[in-house]
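These notes concern the structure reproduced below.
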Amino acid sequence: MMSDLTYPDVVQWAVPLFIAAIAVELAWIVIKGCGGRYETRDAVTSLIMGAGNVASGILLGFVAWGFFMVLWAITPLNLGTSVWVVLLCFVLDDLRYYWVHRFGHRIRWVWASHVNHHSSQHYNLTTALRQTWTGTFTFMMIVRAPLILLGFHPAMVLFVGGLNLIYQFWIHTEAIGRMPRWFEAVMNTPSHHRVHHGRNPRYLDANYAGVFIIWDKMFGTFVPELEEERPDYGLVQNLGTFNPIRVAFHEWVGIFRDIAQPGLTWRERVMYAVAPPGWSHDGTRDTSATIKAKHLARHPEDAGTPGF
């Protein structure tokens, strides 16, 4: 019966591959002396964050699954389980990922969960494992609701989501330069994703894609990696800590501290949760838009170039 449909936990299956790939990348960097850098405490923090993500999924996964099964019970549609349906689900779920990822950079409440993934100042395969512990609390599971209501079984939706995450693992590296032009035109690649992790003004809020970079090109958020400007990885204001507890929860603490400030209107309190990261009621902080504007004021020659 469709209610009993199951798919393998592909992310769990891929863990040995992740470990082997990290070992290969590290060996490559050591032997060749290029292709990125590892810092022991940073890599350990990323691994702990990955383990915490798995643990949070075990503890809280029932919330999203229960929500999805309620939707499945009420939808009159059932597209079945053919290979073509799975492929269509994969493509549509990648579009879903694009928007969730974009929300994660434009809505502070969602950013509070996603920020830990950007907290490393290094860019290597361990960075891919630096995942959230608090994704359930963003309620972004709602963005998957249309897929289920359209007739894709919840187990299938989660399965293709796992495939999406596996694809994204390999793009977190500096050991791979540019892929063939036809591949770079359609797929997300290390070059495209290095841009996404850059804190350079031109690279902020760009390249949200999971698998297909075409979404960024369609919705105007694509910025190419420039040879003359290497990405500077990390946050606009770096944490300066390898404490995984602080990495996981610092932005949530910041939100509640801002909301609790005395003398704010209710609108201002809400805005501290839903406005873009960096918003402040008195304009004393910078959002990505103001960072870009200040950069252009200092470097007007960059106007009209990629990212501005």
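How much net charge surrounds PRO146 when only the other residues with a Cβ under 12 Å from the Cβ of PRO146 are counted, with Lys and Arg +1 and Asp and Glu -1? It would help to have the intermediate numbers written out before the result.
On the way: positive: ARG96, ARG144; negative: ASP93.
Once positives and negatives cancel, what remains is +1.
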Query raised in the report: What order, most packed first, do the peptides 42-54, 114-126, 62-74 have when packing is the mean number of other Cβ atoms within 10 Å of each residue?
Result: 114-126, 42-54, 62-74
Requested in this report: Once you have a ≥ b ≥ c as the square roots of the Cα gyration tensor eigenvalues for region 123-272, tell me rounded if a/c is under 1.5, and otherwise prolate or oblate according to whether a/b is larger than b/c.
Outcome: oblate
Requested in this report: Would you list which aspartates and glutamates come within 17 Å of LYS32, measuring only between C-alpha atoms, while excluding same-chain residues fewer than 8 positions from it?
Outcome: GLU174
Report summary line: Descending accessible area (1.4 Å probe), largest on the left, turns ARG230, ARG106 into ARG230, ARG106
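By the gyration tensor of its Cα atoms, with a ≥ b ≥ c the square roots of the eigenvalues, what is the shape of region 117-198: rounded for a/c under 1.5, prolate for a/b over b/c, or oblate?
Values: a/c = 2.65, a/b = 1.50, b/c = 1.77.
Taking the square roots of the gyration eigenvalues as a ≥ b ≥ c, region 117-198 is oblate.
Please identify the trypsin sites (Lys or Arg not before Pro) of region 159-194 that satisfy two criteria: DSSP loop assignment and at most 16 other Cβ atoms within 10 Å. Which are they?
On the way: sites: ARG178, ARG181, ARG194; in loops: ARG178.
Answer by residue number: ARG178.
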Report task. Would you give the gap between the C-alpha center of region 211-243 and the C-alpha center of region 38-61, rounded to a whole Å? Result -> 22
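Please compute the length gained on full extension between TRP266 and ASP282, using 0.36 nm multiplied by the number of residues separating them and subtracting their Cα-Cα distance. Can you show the working numbers first?
Numbers: separation 16, 0.36 × 16 = 5.76 nm, distance 1.46 nm.
Full extension of this stretch gives 4.3 nm more.
Per DSSP H run of n ≥ 4, the term is -39500 (n - 2.57); total these for the chain, divide by its residue number, and report the mean residue ellipticity at 222 nm rounded to 500 deg cm²/dmol. Walk me through the intermediate numbers first.
Working: 12 runs with 166 residues, N = 308.
Roughly -17500 deg cm²/dmol at 222 nm, from the helical runs in the chain.
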Requested in this report: Leaving ligands, DNA and RNA out of it, report the carbon-plus-sulfur percent of the accessible area of region 184-308 at a 1.4 Å probe.
Outcome: 60
Query raised in the report: Per residue, how much accessible area does the chain have with a 1.4 Å probe, in Å²?
Result: 50
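Could you work out the relative contact order of region 196-271? I mean the mean sequence separation of Cα pairs under 8 Å and 6+ apart, divided by the number of residues, in percent.
Working: 50 pairs, mean separation 18.4, N = 76.
With pairs under 8 Å counted, the relative contact order is 24 percent.
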Query raised in the report: Which helices of the chain meet both criteria: a Cα extent of 18 Å or more along the helical axis and a mean Kyte-Doolittle score no lower than -1.0, with helices taken as whole DSSP H segments?
Result: 10-32, 40-74, 83-106, 154-169, 244-259
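The values are calculated or read from the model by the stated rules, or taken from the named source; none is laboratory data. No experiment lies behind these values; they were computed from the predicted model shown. Here Cβ is always computed from backbone atoms with ideal geometry, including for glycine, and neighbour counts include all displayed protein chains. Accessible surface is based on the protein model in full, side chains and every heavy atom, while ligands, DNA and RNA are left aside. Shrake-Rupley method; radii C 1.70, N 1.55, O 1.52, S 1.80 Å.
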